[in-house]
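Comments concern the structure below.
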Amino acid sequence: MFSKLNLGVLVTLFATGVYSHMAMIKPCPRLSPNNSLCPAGDPVDYDIAKPIGTSSGVGQPLCKTDKKSSKNVETWTAGSTVTVKFQPGGAAHSGGHCQFALSYDGGKTFVVLKDVLRYCFFKGQTSGNNAEVLSYDIPLPSNLPSSNSAVFAWTWINASGNREYYMNCADIAIKGVDGGSYTGKKLLIANYGPGTPVVAEFNGNYENGVDLLNSRPSITVNAGGASPPPAGSSTSASTKAATSTPVSPSKSTSSPGTSASAECCACPCK
């Protein structure tokens, strides 16, 4: 017989949302369930923490959906620092590589603002599953272009478990430089079906995938989208993505049969 206790547990789970992995909650990502920061009446996905793809196939498009929120969830000012928060209680899979990025072309191409390499959600190497860090400060470059239709993305390549790629996106406005541009590293897409690099399970080797992140090409974005930087140009110190850990040169750690060059946005999406 279904007990009142079991019913109570189910009610609690549905009321709080079930986060089997990690999920961004601030800024409110598209499809976020039970989130008071989100526009009322917007569609939700109760599997918001599910990966969008694995090394063997694509499950969802980038950002989990190409449908925007009904309105911008936040307005950010270039040159300031914003805080990104994550839902507690999700499985953090021993950390891994997180990227925080912006798109000016509707989520087709992303330029990285900050990397948290190796130990994302943790303070160091671990075999644990319970996140120690649930928020990150993201410095916004002072030369970011203004936009009323920017897309902010968090992505994660997990250290342990199945080879997966996680991504949540939020629709935001940016008060920045009218007609400005920003040059940074292109978002790495990995473990997202055939044609993208496979970052192997770390198994204690937290350099896995760092070579791919180091080899990301630079792109320049403006209010109209993105383009490669002029030949011979480089990303200046004022426009480099922030990183929480030093990245040192390492040998290639991509799986056999994959290219050491990073496959990045834009990529084939359903």
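Where a number appears in this text, it was derived from the coordinates with a stated rule and is not lab data. Please read all numbers here as calculations on a predicted model, not as lab measurements. Please note: Cβ atoms are built from the backbone with ideal geometry, for glycine as well, and neighbour counts cover all protein chains shown.
Could you give the length gained on full extension between Ala200 and Ser149, defined as 0.36 nm per residue of separation minus the Cα-Cα distance, in nm? Please list the in-between numbers first.
On the way: separation 51, 0.36 × 51 = 18.36 nm, distance 3.49 nm.
Extending this stretch completely gives an extra 14.9 nm.
Determine, at each q value in 0.24 (inverse angstroms), the log₁₀ of I(q)/I(0) that the Debye formula gives when each Cα of the stretch 116-178 is one equal point scatterer.
-1.08
As a quick test, which of the pairs Lys71/Lys114; Lys71/Lys185; Lys68/Lys175 have an alpha carbon distance above 22 angstrom in this structure?
Numbers: Lys71/Lys114 25 Å; Lys71/Lys185 28 Å; Lys68/Lys175 19 Å.
Among Lys71/Lys114; Lys71/Lys185; Lys68/Lys175, the Cα-Cα distance tops 22 Å for Lys71/Lys114; Lys71/Lys185.
Restricted to Cα positions, what overall size does the stretch 160-228 have along the principal axes? Three whole-Å values, descending.
46, 24, 23
For the stretch 20-243, with equal point scatterers placed on the C-alpha atoms only and solvent neglected, what are the log10 I(q)/I(0) values from the Debye formula at q = 0.09, 0.11, 0.14 1/Å, to two decimals?
-0.33, -0.50, -0.83
Any idea what the dipole of the stretch 20-243 comes to, in debye rounded to 20, about its Cα centre with Lys/Arg Cβ at +1 and Asp/Glu Cβ at -1? Show your work: numbers first, answer last.
Working: 18 positive and 15 negative charges, 39 e Å.
Charge dipole of the stretch 20-243: 180 debye, to the nearest 20.
Could you derive backbone 3J(HN,Hα) for the stretch 196-213 from the dihedral phi with the Karplus parameters 6.51, -1.76 and 1.60 (θ = phi - 60°), listing whole Hz in sequence and x where the residue is Gly or Pro?
Whole-Hz 3J(HN,Hα) from phi for the stretch 196-213: 10, x, 9, 8, 5, 4, 5, 6, x, 9, 7, 8, 4, x, 5, 4, 5, 5.
Going by Cα centres, the stretch 197-214 and the stretch 76-141 are how many Å apart?
17 Å
Along the Cα→Cβ direction, 7 angstrom out, place labels at Lys123 and Ala40. What is the inter-label distance in nm?
Rounded to a tenth, the inter-label distance reads 4.1 nm.
What aspartates and glutamates does Lys26 reach when the alpha-carbon gap must be under 15 Å and sequence neighbours fewer than 8 apart in one chain are set aside?
Excluding near neighbours in sequence, the set is Glu74, Asp137, Asp171.
Work from the charge dipole of the stretch 20-243 (Cβ charges, +1 for Lys and Arg, -1 for Asp and Glu, about the Cα centre) and give the residue of Tyr165, Thr83, Met24 farthest towards its positive end.
Of the candidates, Thr83 comes out farthest on the positive side.
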